[in-house]
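Below is one structure, written out as structure tokens; comments come after it.
The values are calculated or read from the model by the stated rules, or taken from the named source; none is laboratory data. Please read all numbers here as calculations on a predicted model, not as lab measurements. Using ideal geometry, Cβ is built from the backbone for each residue, glycine included, and neighbour counts are taken over all protein chains shown. Keep in mind that these areas ignore ligands, DNA and RNA; they rest on the heavy atoms of the full protein, side chains included. Shrake-Rupley method; radii C 1.70, N 1.55, O 1.52, S 1.80 Å.
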Amino acid sequence: MKRIWKIKGLKKVPNDVLNVAKSDIVARLLVNRGIDNASKAVDFLNPLKMKITPPDVFSDMQKAVDRIKIAVAAGENITIYGDFDADGITSTSVLFKTLKTVGANVSYYIPNRETESHGLNTKALVNIISKNKAKLIITVDCAVSNIQEIKFANGFKTDVIVTDHHEAPEELPPAYAILNPKAQGALSEDLTLEEIENLNYLAGVGVAFKLAVAVLQEFDKVEAFNDLLPLVALGTIADVVPLLGENRCFVEMGLMLIKNERNYGLTKLLKTAGVQNFDNINSETIAFTVAPRINAAGRLDTADVAFRLLTSENESEVEKCVEVLNTLNAERQQLCDDIYLEALDMINSEPQLYKSSIALFKNGWHIGVIGIVASKLVEKFNVPVFMMTKDKEENSVIRCSCRSIPQVNVFEVLSVHSDLFIGFGGHSLAAGFSFDENTISFENFRTELNSTIVEATLNVDLTPIIDIDFELTPESLSIDLVAEINALQPFGAMNPAPVFALRNLSVNSFKMMGQNQNHLKLFVKSSNGTMLECVKWNVPSFSLPLGSPLDIAFSPKINSFNGNVSVQLDLSDVHSDFLQENALCSAKDCDIIDSRKKTDMFSQICDYIRSSKEKTALFIESKRAKDFVSGIENQSYCIFDRKSAPDDAAQIMFFDCPPSKDVFEKIISKSSPSLIHLMNFDSKTPSIDEFIKLVSGMARYSCKNKNGKFDVFDVAKYINVSINSVELAVSLLADSGIISVKKLEDETVYNIAFKESVNASKIRENTFYSSLKEELSNVASFKNKLNTLDVSEIKKLLNI
């Protein structure tokens, strides 16, 4: 879907802002973000030096601290009641560590997403009060609306301190103390409007940290602040609150401590996720590497494993937690992929139902991931999306996660139907609700919902928009420019990475890359011959003829590989009259002929190909398969590899086994065949040590016979593995000191030189070794599936 580029243009830059910024680019970016005077600019560019409001700006802060002191002195149990997302988990961890530091008798409780949902519930309170004998409950990231539940706790003479950051109702609960900047009367009347605004930006973990600071100051334990700030940074980034005001300070300080490996669990998690250079860790690293793994625990299981990772110093326990979180994250990704393909299939089957909004229901979808899928569908179709499934506890109750677009306030849409809901909440772009299908059926609810959205969007332009700061020239792109832009870090909500535009470029080359071949590497050329390297993450496919003119919207980043540092353009969008973007589709009319267990079929297959009048494409990468079909005379067939699938083919014959599900899907999606032939695959995947020897041997051959020219794609085809496997093997050999590597222009070819032989045990100790082992395991697992699954299961795999 083509997006409108909204270029902010050249706003007048005040001289005092320019003096502070010391750079025209930075000054213009600051003004685009509303930083229009020197005082704001100083705070924004120097977050570590900004003034932080003391904890006592919360009206109930001293009252809360005094109650905690009483509980600590009396040995009363204090239970922290958390939430199952990253903000809630980090908030729970911050107060747990704080209260442990001051000698409290402290427990924690984090509800289960599937069975309890957000906030306090009386069943959990009964358990906490009876089992823990809790005399004080401190909520984090929740409970400002839980009036009845807090009354219930008070009935057992249990006090409740609420720390929260969500919108507060007019009637507040009867809590012992309420620390929520958005609650009426919660803040000091002496604050400036700017200070109030900054406090309103706080995530739940930010409010919990304010309480932690007050408690540690009261007990003279301020040295513990640095143990908490990595968690505050993680929770703040993960909750996508504005990275403005005090949040900038907390995140910047927390990131510095994460880089210095202050939190043992975070350090181990980052390293196993493939982060090698801790100096380069920034808010995006946390958002896309750490936060999904922390959230995966609360989405698919219980949040306990994530809590223990963040609070434990026990090496063995932390390693187990890391392993579980990585496994859960992989499961979460697979669940999202499966549900997303099911959703596409539903939409494709009745497209007339989903023009203004998409509301889908299936019993059995996992409540923990349907919100993520809703976000992916919004990105694809640019309409509000409502993903629904049955509640596990109440069979007649349907629960929903919904996501929207800027032009449609989904909270207002839901408010129109509030009488139908058991409960609902959220904000303009994301919300959740539940309803009883005995009250209204899903089909009737979908009709009413869609009608409300149609009415709300009359005369509204729903075309998606990309905000662009301003246009640049190719000559202005440099490492120094990126360094200037990075003065605006940390990037996040309300302070996104700057987006620029370049025009009048042409396509030089491109390829799909990554473990699942779902990332685009694109090289473009300017009119004066400047070559620019671009990347677009998570694209289903891309097709643009070489030499085609194009304009790009992008954020410039630094790319470091084997000591080479260059500017890389992370693409937000591409405009070209020649662009064809093909999303994954379901080949509904496609059938499969299974010849996997058949042998000695040479003559029959040759005869079939010769006699076929349909356009036939043969997926062949190995020499064995090429030799097999050599000599067939028929102009109606073509041979292709994973890079060159035809745009259309009546039938595809897979003589070789694709190395991944993604490669398999992309071939089917691009070619749209009506018939697929699965042949007798030779699909052995070498062990990791065999593979390293193979790649090393081929690298030596390249050095001796090809002047060091080493084609990653050719090697991957020859061994029948993923391109990522070969790239990881090369990185392993280079990082172990065996070879030196330089990438050539087209990015699939390396120039390699051998340096020395290294003991095999040293190779196995290298951090790339485990990543390579996992990648080869994924390749072998997919090949095994394609060799052994029933045809019906393969159809499900392909969403046929």
How tilted is helix 122-131 with respect to the longest principal axis of the chain? Cα atoms for both, answer in degrees (0 to 90, nearest 10). 70
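Rounded to whole Å and sorted largest first, what semi-axes of the equivalent ellipsoid does the C-alpha gyration tensor of segment 333-437 yield via the square root of 5 times each eigenvalue?
Numbers: eigenvalues 74, 63, 30 Å².
Each semi-axis is the square root of five times an eigenvalue, giving 19, 18, 12 Å.
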Amide H contacts under 5 Å for Leu120, placed H, 5+ residues apart: Ala143
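Are there trypsin sites (Lys or Arg not before Pro) in segment 340-444 that DSSP puts in a loop and that have at most 11 other Cβ atoms within 10 Å, and which ones?
Values: sites: Lys355, Lys362, Lys376, Lys380, Lys390, Lys392, Arg399, Arg403; in loops: Lys355, Lys362, Lys392.
Hits after loop and neighbour filter: Lys355.
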Checking the cross-link filter: which aspartates and glutamates have an alpha carbon closer than 15 Å to that of Lys597, excluding same-chain neighbours under 8 positions apart? Asp656, Asp682, Asp790
Per the Kirkwood definition applied to all pairs of different Cα atoms, how many angstroms is the hydrodynamic radius of segment 277-395? 16.2
Spherically averaged projected area of segment 474-532 from its Cα convex hull (nm²): 5.7
Please report the antiparallel percentage of DSSP beta bridges with both residues in the chain, rounded to the nearest 5. 55
Can you tell me the Rg and Dmax of segment 203-274, counting just the alpha carbons, in angstroms? 12.5, 40
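What does the charge dipole of the chain about its Cα centre add up to, to the nearest 20 debye, if the Cβ of each Lys and Arg holds +1 and the Cβ of each Asp and Glu holds -1?
Values: 84 positive and 103 negative charges, 427 e Å.
Taking the Cα centre of the chain as origin, the dipole is about 2060 debye.
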Entries in Lys271/Lys380; Lys390/Lys643; Lys97/Lys123; Lys755/Lys783 that, when Cα-Cα distance is taken, lie over 30 Å: Lys271/Lys380; Lys390/Lys643; Lys755/Lys783
So, for the Cα atoms of the chain, Rg and Dmax in Å stand at 28.6, 91
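Based on alpha-carbon positions alone, could you give the equivalent ellipsoid semi-axes of segment 641-759 from the gyration tensor, as √(5λ), descending, whole Å? Let's see the in-between values first.
Numbers: eigenvalues 202, 47, 23 Å².
The three semi-axes for segment 641-759 are 32, 15, 11 Å.
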Whole-Hz ³J(HN,Hα) from phi, Karplus 6.51 cos²θ - 1.76 cosθ + 1.60, for segment 542-558, glycine and proline x: 7, 9, 8, x, 4, x, 5, x, 7, 10, 10, 10, 7, 10, x, 9, 9
Give a residue-ordered list of calculated ³J(HN,Hα) values for segment 76-81 (Karplus: 6.51 cos²θ - 1.76 cosθ + 1.60, θ = phi - 60°; whole Hz; x for Gly, Pro). 5, 6, 10, 10, 8, 9
Pairwise FRET efficiency - Val416 versus Val567, Cβ, R0 = 41 Å, nearest 0.05: 0.25
According to a simple spin-label model (label point 7 Å from Cα along Cα-to-Cβ), what is the distance in nm between Lys2 and Glu261? 5.2
For Asn518, what residues show an amide H to amide H distance below 5 Å, using hydrogens built from the backbone and excluding near sequence neighbours? Met513
Add -39500 (n - 2.57) for each DSSP H run of 4 or more in the chain, then divide by its residues: what number comes out at 222 nm, to the nearest 500 deg cm²/dmol? -12500 deg cm²/dmol
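Averaged per residue, what accessible surface does the chain expose to a 1.4 Å probe, in Å²? Provide the component values of the computation, followed by the final result.
On the way: 35250 Å² over 800 residues.
Value for the chain: 44 Å² per residue.
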At 1.4 Å probe size, what's the solvent-accessible area of Met494? Round to the nearest 10 Å². 110
Cross-link reach from Lys157 to lysines, straight Cα distance under 16 Å and at least 8 residues apart if same chain, gives Lys131, Lys133, Lys135
Can you give me the solvent accessible area of Asp419 with a 1.4 Å probe, rounded to the nearest 10 Å²? 130
For q values of 0.13, 0.20, 0.24, 0.26 Å⁻¹, compute log₁₀ I(q)/I(0) with the Debye formula on a Cα-only model of segment 1-74, without solvent. -0.60, -0.84, -1.01, -1.08
So which GluC sites (Glu not before Pro) in segment 278-362 end up in coil per DSSP with only 10 or fewer other C-beta atoms within 10 Å? Glu313
Sorted by chain and number, the residues with a modelled amide H under 5 Å from that of Ile593, at a separation of 5 or more or across chains, are Ile676, His677, Leu678
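Using a Förster radius of 60 Å, what is the FRET efficiency between Leu191 and Lys706 based on their Cβ-Cβ separation? Nearest 0.05, please. Kindly include the intermediate steps, with their values, before the conclusion.
Values: r = 69 Å, r/R0 = 1.15.
Plugging the Cβ-Cβ distance into 1/(1 + (r/R0)^6) gives 0.30.
How do Tyr81, Tyr701 rank by accessible surface area computed with a 1.4 Å probe, from largest to smallest? Could you put the intermediate results ahead of the total?
On the way: Tyr81 0, Tyr701 125 Å².
If we order Tyr81, Tyr701 from most to least accessible, we get Tyr701, Tyr81.
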In nm, what is the difference between 0.36 nm times the number of residues separating Leu458 and Asp436 and their Cα-Cα distance? 4.9 nm
